[in-house]
1. Test of understanding: among MET176, MET149, which residue is within 19 Å of LYS125 (Cβ to Cβ) and touching a Lys or Arg at 6+ places or on another chain (Cβ under 9 Å)?
2. Among the residues of the range 166-219, write down those that are outside any helix (DSSP H, G or I) and among the polar types (S, T, N, Q).
3. Restricting to the range 96-131, count the residues that are within 11 Å of ALA158 (Cβ to Cβ) and among the small types (Gly, Ala, Ser).
4. When you scan the range 317-325, do you find a residue that is open to solvent by less than 60 Å² (accessible area, probe 1.4 Å) and more than 24 Å from ALA362 (Cα to Cα), even just one?
5. Condition check: open to solvent by 30 Å² or more (accessible area, probe 1.4 Å), assigned to a helix (DSSP H, G or I), under 22 Å from GLY62 (Cβ atoms) and among the polar types (S, T, N, Q). Does THR96 satisfy that?
6. Taking GLU474 as the residue in question, decide whether it is out of contact with any Lys or Arg (no Cβ under 7 Å at 6 or more places or on another chain) and surrounded by fewer than 22 Cβ atoms within 10 Å (Cβ to Cβ).
7. In the range 252-310, what residues are on the phi < 0 side of the Ramachandran plot, open to solvent by less than 50 Å² (accessible area, probe 1.4 Å) and not in a helix (DSSP H, G or I)?
8. How many residues are touching a Gly at 6+ places or on another chain (Cβ under 8 Å) and surrounded by fewer than 22 Cβ atoms within 10 Å (Cβ to Cβ) when one looks only at the range 412-428?
Amino acid sequence: MRTKKLLSAATTFRLHKNKIPPIIKESLQSVKKSSVQSSPPLIPKGPSVLATSLINSYFEKGLIKEARMLFDEMPERDVVTWTAMIAGYTSLNYHTQAWVMFVEMVRNEVNPNAFTLSSALKACKGMKCLMHGALVHGLAKKKGLEGSMYVDNSLMDAYATCCVSMDNACMVFEDMKVKNAVSWTTLIAGYTHRGDGHGGLRVFRQMLFEEVEMNPYSFSIAVRACASTGLVVFGKLIHAAATKHGVGSNLPVMNSILDMYCRFGCLSEANHYFHEMTEKDLITWNTLIAGYERLDSSESLNIFSKMESEGFSPNCFTFTSVMAACANLAVLSCGQQVHAGIISRGLDGNLALANALIDMYAKCGNISDSQKIFSGMSDRDLVTWTSMMIGYGAHGYGKEAVELFDEMVKLGVRPDKIVFMAVLSACSHAGLMDEGLRYFESMMSDYNINPNQEIYGCVVDLLGRAGRVKEAYELIESMPFKPGESIWGALLSACKAHKLPNLGKLAAGRLLDLRPNMMGTYVMLSNIYAAEGKWGEFAKLRKIMRGMGSKKEAGRSWIEVRNQVRSFVVGDKMGSHTQYVYKILDLLIKHMKEAGYVHDIDCLIHDIEDGT
């Protein structure tokens, strides 16, 4: 009867102005006053045990303040109570509060047990604080708890997350006298989460060799490790091993295998496996939608429609992938419909979705709606600012991108490499050379960020567009690493635009060293020779190009008309409306001539053979 009253009091807790229920308070206060005189056959649970259970219940329901109030009212607290508080905070990702509680417990000279230290180590992992983790490790040694499997597994997890390498985690693993499936899986996860899929697979192979009893999570994390390596053959072997060990029909394992095939780009295998799955949940559908979004955005939208028709309600992850698919296809009307679905489900306040919407509207040509969403956001992260800057840059609004960057910095948001790449690209497209060079210098001097290939490429493009091609080449020569394809490509384009044949031939030669079969480079180089009148060199290159048996890839454009996407290339004669398109084109050419526009055909005249 007393337990029922406790539970009843717990459910009506908030109705009593956040005070501790009287029956709990009376029980806690009676601890010091009462003493047990006899030992009855059945000893009821004491108030401390009941209060600890109630604390656990509060945390399970997310009632953090209530749990803390009850804890503070307790006149006596044992290690179980302290551990309940530490574990409760950690379970809700209040890692700093969990650590403060652990420190307070140690100061109160309460001896921790293995579960206490395990929970404290989870808090250290959540804070990514190696120093705190090392302190807990030292305390475990001092208290003789280092050999506990709970402590050692948590130590491995903390070291794998907080250290720069896996050395400390491996040391703990090697020193363990007894290991279970969790121990092995923790080590595999440590390698996988830091991007070392090969290391994770080595541990998994050893686990199989030692015939350790597997659990579904072991296979799920091994599949993730394999997906990060791109080794399709290994992925199929793990798939077969999961079936052999009887976990092939486990839903999380099936979802991991589906994700692996999607990441490999094996969409036919992924689709076949999807239809063979005996059970599906929202994660299953989200995985397939995300997989197709990267390689076949149109089919991704079809799968989304099928998902809804089968009664599954999309969540934020679903909409993020669908928004990306709409952005890839530049289908504005479809994106607007999805946006309406987000609003109707009350998800428009989600930060990740708002960022995806900014990107989608910008890529669909509607930068004004991107700006509206950005302005209406109460909370912004670095992705928000970056997405808006990239959108401005793509639409030629370099000045707005620069102003946005300055506003972001004033608000105390620290830019990263991607932000600098966005603002440099915007400056390049808008001809804001001085501003771009100023940001390039600021990135290194004020933020201590070393430029990578992509950022150097942006600066080379910035200088090249401004006509300072020789300075761009000098920058390339001073780079601390070997220039890549994008950098030489930017220089070659600048040389072509500003008629610098000698430097252009050098850039083309470096490009061909990196990618010998790149047809576009041959075309540009042959055009340089033609412009110089070196027809012998021109003929040699054309002969090489014909021998390669390939053509320069033609650019493709597309436009959405009446909810249909229509694509076309240069010289396209296909389609029922082509004649109308050419009539409009002739009209535009007429207007251009009347406006005094003169065609630049110096290079294009030499591309006729290639059909470009």
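The values are calculated or read from the model by the stated rules, or taken from the named source; none is laboratory data. Every value quoted in this text rests on a predicted model; they were computed, and no experiment measured them. Please note: Cβ atoms are built from the backbone with ideal geometry, for glycine as well, and neighbour counts cover all protein chains shown. We work out accessible area using only protein heavy atoms, side chains counted, and drop any ligands, DNA or RNA first. Shrake-Rupley method; radii C 1.70, N 1.55, O 1.52, S 1.80 Å.
1. Going through MET176, MET149 in turn, just one is within 19 Å of LYS125 (Cβ to Cβ) and touching a Lys or Arg at 6+ places or on another chain (Cβ under 9 Å): MET149.
2. Result: ASN180, ASN215.
3. 4
4. Scanning the range 317-325, I find no residue that is open to solvent by less than 60 Å² (accessible area, probe 1.4 Å) and more than 24 Å from ALA362 (Cα to Cα), so the answer is no.
5. yes
6. yes
7. CYS266, MET277, ASP281
8. Residues in the range 412-428 being touching a Gly at 6+ places or on another chain (Cβ under 8 Å) and surrounded by fewer than 22 Cβ atoms within 10 Å (Cβ to Cβ): 0 in total.
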